[in-house]
Amino acid sequence: MIQNPFRTFKNSAYLFYWAFNTFSLLGTWIDFTLRQWIIVEMIKNERAATQYVGFYNLVRFVPSLFLSFIAGYLSDRIGARLILFFVSLIDFFNACAISYLVYTNNLNVYNFMILALFLGITNSFYFPSRSKLINSIVQDKEDIPSSFSWQGISFNLSRIIGPVVAGMIAKNFGLAWGFLLNALSYIPLIFYLLFLNDKVGNNSFEDKRNVFTSIFEDFKNTISYVSCRVKLKKCFYSIFTINFWGISLMSFLQVFTKEILNENINYFSYLLSMLGLGAVIGAFFVASTNYQVILNTREEIFIIIYGICILLLTLLPKFSFFIMFLIGFSQSLVFGFTNNKVQLLTDNDMIGKVSGIYSLFNITLSYLGVFVISQVGYLFGVLNLFKIVAFIVIFSAFMIGIKVKEG
């Protein structure tokens, strides 16, 4: 059953949050594109650059490994709004710092890694807190799929526009100005979170247990909670597969562009934009879907399509723009269906904690995946890396379908 995809915007608090967060995400994608390209500019050798990408993402992963669940725990206790405010503020200063270092020609592999570490810390807190905030803003369960799908749409709209803007700024003004634009994009969101009604996103509650005991007990209970629910557990299997292998592989797209396609940053930015365009259409499709249909969708089918498209990218490089569109579309469907399932299948008092673990699978494990597959890329080259990962993704999707069917 098709529903009005815009229904969630009747909530003005959500509308303003979505608008300011989208503007911030636009800056984030400008920043992402420039940071990825800086790596291949600093490290000239193909295999060395591939390995450095792995270490860069490992640095971003390590904080999330320890902090993702704690972030969900804290969002339940001190409120998501406050956490998101400080996360945005820290990211603002991070963008200012890298802009200054690039402008003064003082950026090196060491301070680049330090800034990456801070991005890893803030990412750990961002995703669980965002889920909690949206759940507190949007009260109607039927609007939840639309609300989270529009988060996906804003993410992917930014992924279309951001890389193109980044390429234009890098070519005409220099990298430093792109990082500065990212810093400025945080300002509206920071002020909105600062003045947002305290009752929104701050539905904290008192916990008289020792904080470390509380975190440990809640972690065990949350793992048990997810393990006992087959559909919820399947979401975690699916998101692990597409993040650890598939999304991780996209971190080497700039190396693939430069070394295999023999193209420049503009071509790289257009590839990212086609990826984003496909993802926007996929997210809009999910936003138009009834939540009962979402609950019964088998997302492993789209993971198989995703893996096939990665393989086609290595075999038919002349069609790379169209293939990237298909990769973005199938990727968005997997994210959209799994993310909405997690929100719909999880009880309200568990949202923060489950979202913390989901964030570990959804975002942070992709950084570990980059480190792992970078070693494969170093040994076999970037072209063979794409082929190997494609087969792993396809095989994993079949195993998810078989295992869940048995369950």
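Numbers for the structure displayed
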| quantity | calculated |
| --- | --- |
| Selection count, region 162-184, where residues are of a type in the set (Gly, Ala, Ser), crowded, with 20+ Cβ neighbours inside 10 Å and more than 22 Å from Ile90 (Cα to Cα) | 2 |
| Filter result for Asn384 (at pLDDT below 85 and part of a helix (DSSP H, G or I)) | no |
| Condition broken by Phe125, with the remaining ones in (1) surrounded by 22 or more Cβ atoms within 10 Å (Cβ to Cβ); (2) touching a residue at least 60 places away in the same chain (Cβ under 8 Å) satisfied | (2) |
| Count of residues meeting criterion [among the aliphatic types (A, V, I, L, M) and buried (at least 23 other Cβ atoms within 10 Å of the Cβ)] in region 41-66 | 2 |
| Any chance Ser185 is within 30 Å of Ala397 (Cβ to Cβ) and either of a type in the set (Gly, Ala, Ser) or modelled with pLDDT under 75 (or both) | no |
| Met324 being of a type in the set (A, V, I, L, M), modelled with pLDDT of 90 or more and more than 22 Å from Ile388 (Cβ to Cβ) | no |
| Filtered residues of region 134-158 (kept if more than 23 Å from Tyr192 (Cα to Cα) and surrounded by 21 or more Cβ atoms within 10 Å (Cβ to Cβ)) | Pro145 |
| Boolean, Ile357 is more than 25 Å from Ala116 (Cα to Cα), buried (at least 19 other Cβ atoms within 10 Å of the Cβ) and at pLDDT below 80 | no |
| Cross-chain or 6+ apart pairs with Cβ under 6 Å, region 221-235 first and touching a residue at least 24 places away in the same chain (Cβ under 8 Å) and within 17 Å of Thr338 (Cα to Cα), then among the polar types (S, T, N, Q) and in a helix (DSSP H, G or I) | Cys235/Thr338 |
| Selection within region 74-122 - β-branched (Val, Ile, Thr), farther than 17 Å from Val59 by Cα and crowded, with 19+ Cβ neighbours inside 10 Å | Ile83, Val87, Val102 |
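The values are calculated or read from the model by the stated rules, or taken from the named source; none is laboratory data. Keep in mind that this is a model prediction, so the values were computed, not measured. Heads up, the Cβs are rebuilt from the backbone with ideal geometry, glycines too, and the neighbour counts pull from every protein chain shown.
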